[in-house]
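All of the numbers you see were taken from the coordinates with simple rules; none came from a lab. The structure presented is a predicted model; accordingly, all values stated were derived computationally and were not measured. Heads up, the Cβs are rebuilt from the backbone with ideal geometry, glycines too, and the neighbour counts pull from every protein chain shown.
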Amino acid sequence: MTNARRKRRDAGMRRAALGAGALAMIVAGTGAVQAQGAVRNETIQTRPRPLYDPLGIRTGGFLLLPSLDITETYDSNIFLTPSNAKNDFITTISPAVALRSQWSNHALNLGAGADINHYADHGNEGVNDFFVKGDGRVDVSRNTRLFAEASYNGLHEARGNPNSPAAAVDPVDYRLLLANAGFAHRLNRVEVRVTGDLASYSYGDAVNATTGAAIVQNTRDRDEYRVTGRVSYEIQPEYQAFLRASFNNRNYDKLLGGFNRSSDGYEVVVGTDIDFTGVVFGEVFAGYRSQDYDDPRLSTVNGVTAGGKVFWNVTRLTTITGSLTRSVEETTIGGASGYFSTSGSLQVDHELRRNVLLDAHLKAGVNSYEGINRDDDEYELGIGARYLINRFARAGLSYTYSRRNSDAAGSDYTDHQVALTARIQY
Amino acid sequence: MAARRFARRGARASILESVSSDEPGNVIGRVLLLLAAAALLLPAQAAGPAEATEYRLGSGDKLRVTVFGQEDLSGEFLVNGAGEVSLPLVGNLRLGGLTVREAERRVVDALKPDYLVNPRVSIQVLNFRPFYIIGEVKEPGSYPYVGGMTVTEAVALAGGYTYRAKKKEVIIIRGNDPKRTEQPATDTTPVLPGDVIKVPERFF
């Protein structure tokens, strides 16, 4: 080979090497080598899984998603008693159907479902729940939207709820009508949101297990109304500060245990939405709330409130969710006006494989009763795994440990639950 | 004997031609020139793989064989599935598994005694075999080899890692390895034509 030919060959190889080097620099320069394909504000729970998400049935502009869950639970303490715990196996069948609109503007979603519970040894505990719901959104313009939601639920109170009569032969069941409507309008950096809520509770009478006498529960019936206004200002893309104020009125038709439990109250909080490149995002707020009762014997429940929910995508495979809520809840315990419920939780979700999801959570909460000397500390620890078999089936296994320490005698409990779920969907 | 040895090294023969084989005492001079020739050739090889593995021809490579002064014997040839190249006059030559230097020498040896007195052969690889990349990349498949590429460039060609890729434990199987042993690879491991790169899935 001559010198000239060798030089040409060397130059050619050097050009090829430069080309490959330039390609590498372009790839590194975008800074997106690690974040390829990342969707903002996506968590392990919300990540779409095209191979494992149900297809649904397309009808018109809607997607119909039917599903059937069958769960077998072992519960070590079904009555949540401090001693002499009764355990049982519970079979739950939950059919559900959801209808979701697939329009580019506006939205309308409907859903219905039920939980049919059967206890192996304690038949009376097997109550059935159901729900029917719908929600809609009208996109009036790019900056304005109207939304509304309504649901009618048939639910039951868990045994061990201090407001539920312990002597009842069946768990107390009640109907809950929820409705809300509102609008949101955005103008440059400011967004204004106004919402009205209604919650209407209607309790069914219980029967005393030993005497057979009726335990009247309809005195607990109430309507709760609330109006909320929220103004937020986008300081920077990462922070949206907001001020939220709400006024509520809880109206009981009848006296409950001789008390007129109707009340009204307010909550004022300031907070911020945070969004750091979709890795850490959420909302935190703090403020003050107060609930004042019509009956002069019931003292006002008020105090500092704080709350929020923050998601942290530690890696693309792990999400940590932290949340805190504080609210004033109703009670039936004589002399107590209500209770301040504070609960915080920490949950870790991990995507072991594309179709195997692991989760662990820890919850801790305090229910402080106003007017009586009672504080209930509640803890819950759970781990679980979900296996997405394919588009049509998935399975899950979970273990939950819950515990309550209460000032009131006979209200402590420890409970273990192991649940195995299978889901069929289309 | 020294003169015959020098004449067989086709590529380096031009430099050493000036060295007279009639001076048997000038061994040191010849060795120095040999080292100089080797030094001149090293930069050319550095543009290829940085490690000691020099590229070996394999099935699917497209070669341009040029025999100086012989238009009929030169041309573009494809290495077939058995690693053979079908050259005019000399017929099928087994060049698979040889480096480019060794292939040139083999063609010279095939032409030398019977057809040409002092053939000058140069072989240039026009199109390399593709390399293959599978596992946790956006678009697994086979891609054309680009000279001097490393694992990072190979993954970039394949669309980049998916979010589940185990970037620190990438495996490479060398195309010219008959045992198909899996070797660990890092971002800067050079890729050769015919290699298979496997990107495993991570669990945590």
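For A:Glu380, what charge total do you get from the other residues with a beta carbon under 15 Å from its beta carbon, if Lys and Arg give +1 and Asp and Glu give -1?
Working: positive: A:Lys363, A:Arg403, A:Arg404; negative: A:Asp75, A:Asp359, A:Asp376, A:Asp377, A:Glu378, A:Asp412, A:Asp415.
Net local charge, A:Glu380 excluded: -4.
For the pair segment A:85-112 / segment A:148-210, the C-alpha centres are spaced 17 Å from each other. Phi angles of segment B:144-161 translate, via the Karplus equation with coefficients 6.51, -1.76, 1.60 and θ = phi - 60°, into HN-Hα couplings of x, 6, 10, x, x, 7, 10, 4, 4, 5, 4, 5, 5, 4, 7, x, x, 6 Hz per residue; Gly and Pro are given as x. The share of C-alpha pairs in segment A:190-310 whose separation exceeds 25 Å stands at 44 percent. Look at the stretch A:53-61: the mean tally of other chain Cβ atoms within 10 Å of its residues' Cβ atoms is 0. Using the beta-carbon distance between A:Ile93 and A:Asn373 and R0 = 41 Å, what value does 1/(1 + (r/R0)^6) give for FRET efficiency, to the nearest 0.05? Approximately 0.45, to the nearest 0.05.
Once you sort the root eigenvalues of the Cα gyration tensor of segment A:206-250 as a ≥ b ≥ c, which label holds: rounded (a/c under 1.5), prolate (a/b larger than b/c) or oblate (the other case)?
In terms of gyration-tensor shape, prolate.
Panel order for B:Leu192, A:Leu110, by other beta carbons found within 10 Å of each beta carbon, from fewest to most: A:Leu110, B:Leu192.
Distances between every pair of Cα atoms in the protein assembly as shown, grouped in 20 Å steps from 0 to the bin holding the largest one, split as 13, 34, 22, 16, 11, 4, 0 percent.
Derived scalar couplings between HN and Hα for segment B:94-102 equal 8, 10, x, x, 9, 6, 4, 4, 5 Hz in order, rounded to whole Hz, by the Karplus curve 6.51 cos²θ - 1.76 cosθ + 1.60 (θ = phi - 60°), x for Gly and Pro. With a cut-off of 11 Å between beta carbons, the residues surrounding B:Pro200 carry a summed charge of +2, where Lys and Arg count +1 and Asp and Glu -1. Look at A:Leu64, A:Leu80 and count the other Cβ atoms within 10 Å of each Cβ; fewest to most, that gives A:Leu64, A:Leu80.
Full extension of the segment from A:Asn124 to A:Glu224, taken as 0.36 nm per residue of separation minus the current Cα-Cα distance, would add 32.9 nm. The peptide list A:283-291, B:172-180, put in order of mean Cβ contacts within 10 Å with the highest first, becomes A:283-291, B:172-180.
When the charge dipole of segment A:313-371 is built from unit charges on Cβ atoms (+1 for Lys and Arg, -1 for Asp and Glu) and taken about the Cα centre, the candidate among A:Asn367, A:Ser323, A:Gln347 whose Cα reaches farthest toward its positive end is A:Gln347. Once the Cβ-Cβ distance of A:Arg297 and A:Leu176 is raised to the sixth power relative to R0 = 35 Å, the FRET efficiency obtained is 0.80. Amide H to amide H, with H built 1.01 Å from N, B:Gly135 comes under 5 Å of B:Val199, counting only residues 5 or more places away or on other chains.
Computed from Cα atoms, the angle from the helix A:3-29 axis to the main principal axis of chain A rounds to 20 degrees.
Per residue, the convex hull spanned by the Cα atoms of segment A:94-234 amounts to 134 cubic angstrom.
With distances taken between every two different alpha-carbon atoms, segment B:81-185 has a Kirkwood hydrodynamic radius of 16.6 Å. Simple spin-label estimate for B:Lys62 and A:Leu255 gives 9.9 nm between the two label positions (7 Å along the Cα-to-Cβ direction from each Cα).
For segment A:368-384, putting each phi into the Karplus relation 6.51 cos²θ - 1.76 cosθ + 1.60 with θ = phi - 60° gives couplings of 9, 7, 9, x, 10, 8, 8, 10, 10, 9, 10, 10, 8, 10, x, 9, x Hz, in residue order, rounded to whole numbers and with x for Gly and Pro. Counting neighbouring Cβ atoms within 10 Å and putting the fewest first, the residues A:Ser406, A:Ser299 line up as A:Ser299, A:Ser406. Summarising the amide proton neighbourhood of B:Gly175: residues at separation of 5 or more, or on other chains, whose placed amide H is nearer than 5 Å comprise B:Asp195, B:Val196. Computed from point charges on the beta carbon alone (+1 for Lys and Arg, -1 for Asp and Glu), the dipole magnitude for segment A:43-155 about its Cα centre is near 820 Debye. Here the calculated FRET efficiency for A:Val192 and A:Glu72, from their Cβ-Cβ distance with R0 = 45 Å, stands at 0.40, rounded to the nearest 0.05.
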